[in-house]
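Just so it is clear, none of the values below were taken in a lab; they were calculated from the coordinates. From a predicted model like this one, the values you see are computed outputs, not experimental measurements. Cβ placement follows ideal geometry from the backbone for every residue including glycine, while neighbour counts extend to all protein chains displayed.
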Amino acid sequence: MTDETATLLVVDDTEMNRDMLSRRLAKQGYTVLVAEDGQAALDTIAREAVDLVLLDIMMPGIDGIEVLTRVRTTRGPSELPVIMVTAKDSRDDIIAALKAGANDYVTKPIDFAVVLARTRTQLASKRAHEALARKIAEVEQLAADLHVASITDFLTKQFNRRHFMQVLQTEFARALRYQNVLSLIIIDIDHFKKINDTHGHLQGDRILADVAAIISANVRSHDVVARYGGEEFVIVLPQTDEPGAMVVAEKVRRCVAA
């Protein structure tokens, strides 16, 4: 959003005030929407992508303070700036508006230069907040990606040995605490050195990835599959006894053999 693309909403029950303010703001390059009462303002805000609201306090029906109060239940001051328009001597209204979450206010009769300056200030603040929010989201995503990378084996896309050891410790402690059974399957690919020597390491890598995918496809969602090292894999099976683990192991063996 820039000043040139910002959408403003002018809310006033007096047609002359709406027209005068909306025309002058439009000449500054803004897209201007208008609402003649509080309910129309709320409907417009719910329907349109509004960047800033110029909101008259004194209106019949739903007044400006009530509109602002409802808006602030879903949209914070940095997300949707609201500048209140009030009579010059309405000190109590100004205080109430600021308490309800108004970003700023202007008084009647309106000085357009003041309105324009305060509008630009609030839009600049909104842009800065949006840029900061994007940067925070990028940092959080990077941190999440780094965490996933730190516990994932690059080749097979399964958990790595370090994460497996942490999981095993956790599950072992849980099994002891709650007296649950716990099984561990260790899988080794036979004659893997011969595969590498005969077909090359790229084909060997493909075999490792394929085997890992087969193992992962044949366990439960809460079982943990990891590459232990080289051509060795492990499966941690919480709440699984020896016969149950044997069923899983044989199923995996058959699928790999096939």
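For the reader, a short list of remarks on this structure follows.
- Taking the stretch 64-172 and dividing mean pair separation by its residue count, relative contact order in percent (alpha carbons under 8 Å, at least six apart): 21
- Set against the labelled values [x] 46; [y] 61; [z] 56, percent of Cα pairs over 25 Å apart computed from this structure falls on [y].
- Once C-alpha pairs closer than 8 Å and six or more residues apart are averaged by separation and normalised to the residue number of the chain, the relative contact order reads 13 percent.
- Span-rule helices in the chain, defined as complete DSSP H runs reaching 15 Å or more along the axis (Cα) with Kyte mean at least 0.5: 201-217
- Over 26 Å (Cα to Cα) - which of Lys99/Lys135; Lys99/Lys126; Lys157/Lys251; Lys27/Lys126 fall in this group: Lys99/Lys135
- Residue of Lys27, Lys135, Lys126 that the Gaussian network model of the chain assigns the largest fluctuation, springs spanning Cα pairs under 10 Å: Lys27
- For the stretch 1-59, a/c is not less than 1.5, where a ≥ b ≥ c are the root eigenvalues of the C-alpha gyration tensor, and a/b does not top b/c. That puts it in the oblate class.
- For the stretch 137-225: relative contact order, % (alpha-carbon pairs under 8 angstrom, 6 or more apart): 32
- Shape of the stretch 1-129, Cα gyration tensor, a/c cut at 1.5: rounded
- Of all DSSP bridge pairs formed entirely within the chain, close to 40 percent run antiparallel.
- Annotation for the stretch 122-196: chymotrypsin sites (Phe, Trp or Tyr not before Pro) lying in DSSP loop with at most 13 further Cβ atoms inside 10 Å of their Cβ are Phe154.
- For Arg72, the amide hydrogen comes within under 5 Å of no other amide hydrogen, counting only partners 5 or more places away or on other chains and with H modelled in the peptide plane.
- Coil-residue GluC sites (Glu not before Pro) of the stretch 181-258, DSSP, other Cβ within 10 Å capped at 13: none
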